[in-house]
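Please read the structure below before turning to the comments.
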């Protein structure tokens, strides 16, 4: 540095450098945004690309190779089948066509599902249903052999790079295309549990259309067209179904279906990056439209490089015969992108959705595919709509109270209806959504929203046993499914309480607990809890009756579960138009808290929990070291023991009801598999962060936690894990940044080091930007103090360096550079203490 750094401003406003990146990001239509070429490291849309060049940090990006979710050359179709059914006045529902082949032998059942009750009374209706289609043994064997072959080829290539030559290398040396092989199915950190519940469901999006024709029998022609796919984002095909069904009315031949089938399967999603499980969690937790934008840019840069080396004939987007020119990368929808006619690729304006298009009959149909999808999230639904529907009915009839059931009314007779619904789903009750005189599409949407509500993207076992729309003809099959979630429009269901445990009436917004519901048993867990905590035994509701017992009154008044406060917060968020993503993130937090409270309950009552996977074998040493550094402990954190026992008392019946359900056992399998790929197996970062957030810690206790964070959080995945327990909706890095104000200097320095690593992280840079100016100025002050100490230590020479630089050791590189220290000081560059990108932006 030729000049000393400027003095920090005394005003509340930070120096201009703090806001430079945000200003560049905010105006996406500015003409000042020039395109970055394909050879650049990152474009102007990358969050840290502005300002001085970044110092390379190998932990700021993932070490694994970036891959596509749907690579080019994949043999898997987006859509597997297209169906057409019609209503015949004499024969009823009839299947007209199944393309490319018949999906099932029971055509009449499919036709009935595609043509809901009273379809002729509406001009248009949408329905969704699921098909359980098993893969054949031959398909499974072919897939297994293909995976084995790909792994064998990768292993041989790695061995050759190490100098190991196999005898078989001369036979079929076809590994040249392996570098472009996106089918990397090696065990890696971006793998995730598949559930073990069987093959993926086939999701069916169905459109019913009625054309009124006086020449036809009954004056109308009713036809339905359905798209069958294994992708849960089946709602993206709605515009195509509208066009294709209208075309089918004009030309009812198989060629019409073939044209739609070819169009949707030619949709290019190869530039959509495949995110790891932690990365998907981060993307779903934030509203930031720029998170992981670098991955999209990297995919485009790789494609541009491939296009330059390919033959012109292999480039479907280039109509000219000239060699491809270096193409720019623009943000979709910006002025630069609109004016840049040479731009063949564009970064999505919102990284939550990948923008593509389908060419149907020469018309480009824009498509937005969700980048991050969690379990039990199917189709397009609205949690806000579901919550408001039943909350409004509850608020209009406050005098209405539910009959007491320990599994459902965890807050007494006035439990919020949405909490009753979630409790019913968690404890595997039979739930029916009744929409009399409503379209089948509205009923199906409520069923899908309820599944996502109870799952939170964490639990499974709801969608596979859901029937978004069904009717009376399938009641026998429905009753054979334990804990189903079904949508119906026939009011007859209301008159048969033996068919359901909870009835949700959509038009009135009210719920009804069945008079024939099975009573909740008195389990060992409830008895043990009451014996261990006799002072709080009266808080546990164990009887099912319509009378308001003293325990139910205590539950209603005390809100031991916190559900009443949570629902009040949800309703405030909806009233302030927080948005669907915010509400989904809050419900995910609620489900996550429930599972952690359940684990704490099992450990308290039974001595151990199946919901917690310890580190006895793999990371015993790490866990011991972490415990010494303040990283000991795991699970949910309460401010004191009394609060813990009270909350467990409020949840005990709900937890005991959940412990014998599909979602409980599936969750045990999931956490066991996730543990094998999780970074920092010996540490519970969530527990440590919650201690900072909820407990009043002594300086020594907080010091141990900050030291543990600084010592163990280094790699890309470790920082992702830390960010996932400190989402922006929960104050982000606020509680970690409080370490910048700790009374001990070493804690402040180590916290500054940790925050610097986070600021250089691909996702952490956005968390850094959300920090307050006060915290950023504290960071700058600490770094400058450490730099001044290093200057003094180097100026005094090697003999005094170790005594003066006690705090500088945390910065790294001091002892190795002391020999050349004087020369560097004269040039204004301090070894190991060069300005980081964060300091450049602040100073």
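In the set (1) buried (at least 20 other Cβ atoms within 10 Å of the Cβ); (2) within 24 Å of residue 89 (Cα to Cα); (3) touching a helix residue (DSSP H, G or I) at 6+ places or on another chain (Cβ under 6 Å), residue 223 fails one condition alone, (3).
Checking each residue in segment 87-96 for being assigned to a strand (DSSP E or B) and surrounded by fewer than 18 Cβ atoms within 10 Å (Cβ to Cβ) picks out 88, 92, 94.
Scanning segment 558-572 for residues that are in a helix (DSSP H, G or I) and either touching a residue at least 60 places away in the same chain (Cβ under 8 Å) or crowded, with 17+ Cβ neighbours inside 10 Å (or both) yields 558, 563, 564, 566, 567, 570, 571.
Answer with yes or no whether residue 598 is in contact with a helix residue (DSSP H, G or I) (Cβ under 6 Å, 6 or more places away or on another chain), within 26 Å of residue 642 (Cα to Cα) and crowded, with 17+ Cβ neighbours inside 10 Å. Yes, satisfied.
Counting only strands (runs of 3 or more DSSP E) that sit wholly inside segment 462-540, those with at least 1 residues that are surrounded by fewer than 22 Cβ atoms within 10 Å (Cβ to Cβ) are 502-505, 510-513.
Okay, residues lined up against (1) over 23 Å from residue 789 (Cβ atoms); (2) out of contact with any helix residue (DSSP H, G or I) (no Cβ under 6 Å at 6 or more places or on another chain):
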{"position": "688", "(1), (2)": "yes, no"}
{"position": "699", "(1), (2)": "no, yes"}
{"position": "720", "(1), (2)": "yes, no"}
{"position": "730", "(1), (2)": "yes, yes"}
{"position": "742", "(1), (2)": "no, no"}
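Checked against (1) outside any helix (DSSP H, G or I); (2) crowded, with 17+ Cβ neighbours inside 10 Å, residue 743 meets all criteria but (2). When 487, 525, 509 are checked against the criterion of being on the phi > 0 side of the Ramachandran plot and touching a helix residue (DSSP H, G or I) at 6+ places or on another chain (Cβ under 7 Å), 509 stands alone in meeting it. Once segment 697-720 is narrowed to residues that are touching a residue at least 12 places away in the same chain (Cβ under 8 Å) and not in a helix (DSSP H, G or I), the residue that is surrounded by the fewest Cβ atoms within 10 Å (Cβ to Cβ) is 714. If the condition is being under 21 Å from residue 77 (Cβ atoms) and buried (at least 22 other Cβ atoms within 10 Å of the Cβ), then segment 273-296 contributes no residue at all. None of 740, 777, 754 is modelled with pLDDT of 95 or more and farther than 24 Å from residue 700 by Cα except 777.
The values are calculated or read from the model by the stated rules, or taken from the named source; none is laboratory data. Fair warning: this is a prediction, and the values are worked out from it, not measured in the lab. So basically every Cβ, Gly included, is an ideal-geometry build from the backbone, and we count neighbours across all protein chains shown.
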